[in-house]
Amino acid sequence: MRAPAGVRDFDPADMTIRVGAGTPVAELDAALAEAGQRANLPLTPGATVGGVLAVGRDDLHALGRGRLRDALLEAVYVADDGQVVTAGGPTVKNVSGFDLCRAMVGSLGTLGLVGEVILRTWPRPPVQQWLAGPCDPRELRRRLYWPSSILWDGQTAWIHLEGHASDVESEADLAQSLGCEPTEGPPPLPPHRVPVGALEVGGFSGRYLVQIGTGSAFVSEPIPVPTPDRAVVALHERLKAEFDPRGRLNPGRDPLAAT
């Protein structure tokens, strides 16, 4: 099956956009940029909107911009029995009770085949700046008002600031007083993403980069992740049984086993 692609409806004043799940994230970002807006989806090369939602990995700037699931307002998907289901709605306060559409984020297509989504958008900041240095990441998070990202490799911290010019300038001055200096961008990201707890449990000794405030880390080689709590496993199994009782949707994939 192939998901539909392309922008279906976009009114910048509403700050929402309807797109086919097969739309490349780069194409979505370009359409929003013309209106001075953005969606908080990771700009993974070659990825589609539906793909990044199914994988469910937050953007590098999740600390300041919010979680990936916060961007999804409505999802139109094909259920295991072939029925087309619409979950959520085209407004920010679109549900009362269980937020069904956001269960699709990170499900790896095991709960439904997403065909079309409505995404929330945000203003594109006029100024952005990276800084780096031998700073204490905890102090940076405590002192800075709203950094979009803080990364740390055990010795060096990288901070991303964004917003109006005067705000970024003021925050950059504070970061420099704590030992950071302007830099071109973040360091190269190690290829594997794991929960921060995996570093502590496994005694990892390779290269790592912690994404402060999000519970995630990038590591240079695969490492075992902590076993999910039994209550989490039970909830996962109940959801799968309700959404896909016959095991037809993306068989063999398990979101709990994904790293």
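The values are calculated or read from the model by the stated rules, or taken from the named source; none is laboratory data. The structure displayed is predicted, hence computed values, not measured ones. Every residue, glycine as well, gets a Cβ built from its backbone with ideal geometry; the counts of neighbours run over all protein chains shown.
Selection of first residues in region 165-184 that are in the same structural domain as SER148 (by TED's automatic domain parsing) and of second residues that are of a type in the set (Asp, Glu) and part of a helix (DSSP H, G or I), restricted to Cβ pairs under 9 Å at least 6 apart or on distinct chains, gives the following pairs, ordered by first then second residue: LEU178/GLU139. Scanning region 181-230 for residues that are hydroxyl-bearing (Ser, Thr, Tyr), within 28 Å of VAL127 (Cβ to Cβ) and assigned to a loop (DSSP other than H, G, I, E, B) yields one hit, THR214. Among the residues of region 143-177, those identified as among the hydrophobic types (A, V, I, L, M, F, W, C) and either in contact with a helix residue (DSSP H, G or I) (Cβ under 8 Å, 6 or more places away or on another chain) or buried (at least 20 other Cβ atoms within 10 Å of the Cβ) (or both) are LEU144, TRP146, ILE150, LEU151, TRP152, ALA157, TRP158, ILE159, LEU161, ALA172, LEU174, ALA175. Scanning region 1-36 for residues that are over 23 Å from LEU113 (Cβ atoms) and out of contact with any helix residue (DSSP H, G or I) (no Cβ under 9 Å at 6 or more places or on another chain) yields a count of 12. Within region 65-89, residues that are in contact (Cβ under 8 Å) with a residue 24 or more places away in the chain and over 26 Å from PRO123 (Cβ atoms) sit with their Cβ atoms under 8 Å from residues that are surrounded by fewer than 15 Cβ atoms within 10 Å (Cβ to Cβ) and among the charged types (D, E, K, R), at 6+ positions apart or across chains, in these pairs: ASP80/ARG246; ASP80/ARG248.
To keep it simple, each residue is scored yes or no on (1) charged (D, E, K, R); (2) surrounded by fewer than 17 Cβ atoms within 10 Å (Cβ to Cβ); (3) part of a strand (DSSP E or B).
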{"position": "PRO90", "(1), (2), (3)": "no, yes, no"}
{"position": "VAL114", "(1), (2), (3)": "no, no, yes"}
{"position": "ALA132", "(1), (2), (3)": "no, no, yes"}
{"position": "ARG141", "(1), (2), (3)": "yes, yes, no"}
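If you filter region 232-259 down to residues that are under 30 Å from PRO147 (Cα atoms) and either assigned by TED's automatic domain parsing to the domain that holds GLY66 or not in a loop (DSSP other than H, G, I, E, B) (or both), you find that the one that is farthest from the chain's Cα centre (by Cα) is LEU256. The residues listed here are GLY64, GLY56, GLY46; of these, the one that is within 26 Å of GLN211 (Cα to Cα), surrounded by fewer than 19 Cβ atoms within 10 Å (Cβ to Cβ) and within 12 Å of the chain's Cα centre (by Cα) is GLY56.
Applying the set (1) of a type outside the set (A, V, I, L, M); (2) over 30 Å from ASP136 (Cβ atoms); (3) assigned by TED's automatic domain parsing to the domain that holds LEU151 to ASP229 leaves exactly one unmet item: (3).
As a summary of the residue check, GLY203 satisfies the conditions (1) at pLDDT 95 or above; (2) surrounded by fewer than 13 Cβ atoms within 10 Å (Cβ to Cβ) except for the one numbered (1).
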